[in-house]
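The values are calculated or read from the model by the stated rules, or taken from the named source; none is laboratory data. If you're wondering where the values come from, they're calculated on a predicted model, not measured in any experiment. Cβ sites come from the backbone with ideal geometry, for glycine too, and all protein chains shown count toward neighbours.
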Amino acid sequence: MDRPQETESATLPLSVSTLSRMGLFVKDQAGAPVLVSRVWTDLGYTGEELRGEEWFEKVHPHDQNEVRRLRKDLLAGKREHGRLICRIRSARGAWRWCVASVMVEGDLRRGDALFVGHVQDVTYLKELQQAAEEARACAEERAAEAESLRYAGAIIAASLDKREMVLRVAHQLGRMIPLEQSVVFERSGRELNALVDDQPDQNPPDHAESCCSQPGYNHSNHNQSGHNQPSQTGAGFSLKIFEQGIGHEALLRCLRSALPESFQDPQLASRSWLLVPLVIRGGLEGVCALSRCDGATFSEGEVRKALGIADFLALALNNGRLYEGMSLLATTDQLSGLANRHAFFLEAEVILAESWRRGQPLGCLLIDLDYFKKINDTWGHLAGDQVLREVAGAIRSSFRDGDLAGRYGGEEFVALLPGAGEEACRAVAERVCRKVRGLQVSAIDRSITCSVGVAVVPGDGEGDIPGLETVLATADEALYKAKEAGRDRVVLAVLQQAGATREC
């Protein structure tokens, strides 16, 4: 049989230029280029510019150590091949991402070894990868932003305490945007009043559900009318709003005046401000002023986040205002402006128990207008209503902050004076009589007087705490004696043990 013919080795007719266009390169052991890759020439370099150590200068400083380490390992025979990705500066100064693979051919000991490799420009792929990473980061940021907005919504749903809601929502905004200070101003007519000044060291609870269990800020703060009032922040200033609206420069001047420490401190000279209007259904509820002193302006993304939270701040202010209005209607006597009977009894029980626990005296005043039926019969009920309003104003101005005053019914008013003993109660009662006696009501043609019955609970804390009904009954008995004695006078009685009283 004929032996099969041996096939000759195939040779590829590839020219140097073809190999170069394919991205191949060859350098000798001394670093001189034998074959220059087309990638290098596209970057604007010649073979002479890639000789020796010069080409390392084209490598990005952050990548040079890795490139030098690979070359060192190849020269030392520690590795036969390697692959890396690095940035190369083009002749025009632009950075290009390149992937390079290299291997050693020949004997390094004889000095005739060659570095044969392949380089590919992957800038486009890196840009796609970077765009994908940025898109993912943006998606994560938007997801976190959505979660923050959901949390803000949960805060609004969990509480009706305006200051509590605003403080928590403002604090949530501080988690979304690096801030040094945030001040929320509430609109009241043509003024902006500072409601919340949120500092980084304030740490509200983390869960919206806890809003329901947190005590309100207004539970122990009484004013002369006897109503709970929201406690004020330490800011204590207001900003004017012009009829044309809030001008940026005008508001900034007001901020400069209201927060002088934020503008006069040399270290805060580079402070940046972002003023966000709080608008709901086209109406201005307030302004949120955000600031930081790192010198950086607020980015477009930060402004977007602030606007998102601003909607919830506006809703918190609006809900709080509506709730306060309804609460005021439910607890206020519409004619006199004092606490109504229901609200008075709720507060009075607390005040009586607290005074007894602290061992402090307590005064109870029952105030009744003299001959009020005659006023109604002679001048009519509208005139009588005007008299009641004027008398209520005189009563309100006679008491201290912390005293509780209300309309007991008809022409009778009632007040509790925590911490007031016999002398103080008598002085207040006499002052009420003087102020009522000095009233001049245009609707009637006669003077107005009142009689006052006073019951004093001693502050010795001995025995059982007297019930509110007992205290009121004692004051009512004293009032009856004042009427019997000729009206326009004060009669005071002190509660004794076992329900006895002592008239003074």
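Residue-by-condition table, conditions (1) touching a Pro at 6+ places or on another chain (Cβ under 7 Å); (2) assigned by TED's automatic domain parsing to the domain that holds residue 99; (3) farther than 18 Å from residue 122 by Cα:
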site: 43; (1), (2), (3): no, yes, no
site: 50; (1), (2), (3): yes, yes, yes
site: 54; (1), (2), (3): no, yes, yes
site: 60; (1), (2), (3): no, yes, no
site: 63; (1), (2), (3): no, yes, no
site: 67; (1), (2), (3): no, yes, no
site: 70; (1), (2), (3): no, yes, yes
site: 73; (1), (2), (3): no, yes, yes
Open item on the list: Looking only at the range 418-445, how many residues end up being over 20 Å from residue 482 (Cβ atoms) and not in a strand (DSSP E or B)?
Closed with: 7
Task: Sole exception among (1) under 29 Å from residue 110 (Cβ atoms); (2) of a type in the set (Asp, Glu); (3) at pLDDT 80 or above for residue 54, by number - done: (3)
Open item on the list: Filter the range 106-146 down to the residues that are surrounded by 12 or more Cβ atoms within 10 Å (Cβ to Cβ), charged (D, E, K, R) and under 34 Å from the mean Cα position of the chain (by Cα) and list them by number.
Closed with: 141, 142, 145
Open item on the list: Based on this model, can you work out whether residue 432 counts as under 22 Å from residue 346 (Cβ atoms), in contact with a helix residue (DSSP H, G or I) (Cβ under 7 Å, 6 or more places away or on another chain) and not basic (Lys, Arg)?
Closed with: no
- [ ] For the range 346-369, enumerate the residues that are surrounded by 17 or more Cβ atoms within 10 Å (Cβ to Cβ) and touching a helix residue (DSSP H, G or I) at 6+ places or on another chain (Cβ under 8 Å).
- [x] 348, 352, 361, 362, 363, 364, 365, 366, 367, 368, 369
- [ ] Among the residues of the range 359-397, write down those that are among the charged types (D, E, K, R) and in contact (Cβ under 8 Å) with a residue 60 or more places away in the chain.
- [x] 368, 370, 396
Task: Residue list for the range 80-105, restricted to those being of a type in the set (D, E, K, R) and either surrounded by 15 or more Cβ atoms within 10 Å (Cβ to Cβ) or touching a Ser or Thr at 6+ places or on another chain (Cβ under 7 Å) (or both) - done: 83, 87, 89, 96
Open item on the list: Being in a helix (DSSP H, G or I) and free of Cβ contacts under 8 Å to residues at least 40 places away in the same chain is the requirement here; does residue 143 meet it?
Closed with: yes
TODO: Within the range 65-75, identify whether any single residue is among the polar types (S, T, N, Q), touching a Leu at 6+ places or on another chain (Cβ under 9 Å), at pLDDT 80 or above and under 29 Å from residue 109 (Cα atoms), and answer yes or no.
DONE: no
- [ ] Please go through the range 422-447 and pick out each residue that is touching a strand residue (DSSP E or B) at 6+ places or on another chain (Cβ under 7 Å) and within 24 Å of residue 341 (Cα to Cα).
- [x] 425, 426, 428, 429, 430, 432, 433, 436
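Tell me, yes or no, whether the range 400-417 has at least one residue that is basic (Lys, Arg) and part of a helix (DSSP H, G or I).
No, the range 400-417 contains no residue that is basic (Lys, Arg) and part of a helix (DSSP H, G or I).
What helices (runs of 4 or more DSSP H) lie completely within the range 6-123 and have 3 or more residues being in contact with a helix residue (DSSP H, G or I) (Cβ under 8 Å, 6 or more places away or on another chain)?
Ranges flagged: 38-42, 61-75.
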Open item on the list: Taking the condition of being outside any helix (DSSP H, G or I) and free of Cβ contacts under 8 Å to residues at least 24 places away in the same chain, how many residues in the range 451-482 meet it?
Closed with: 2
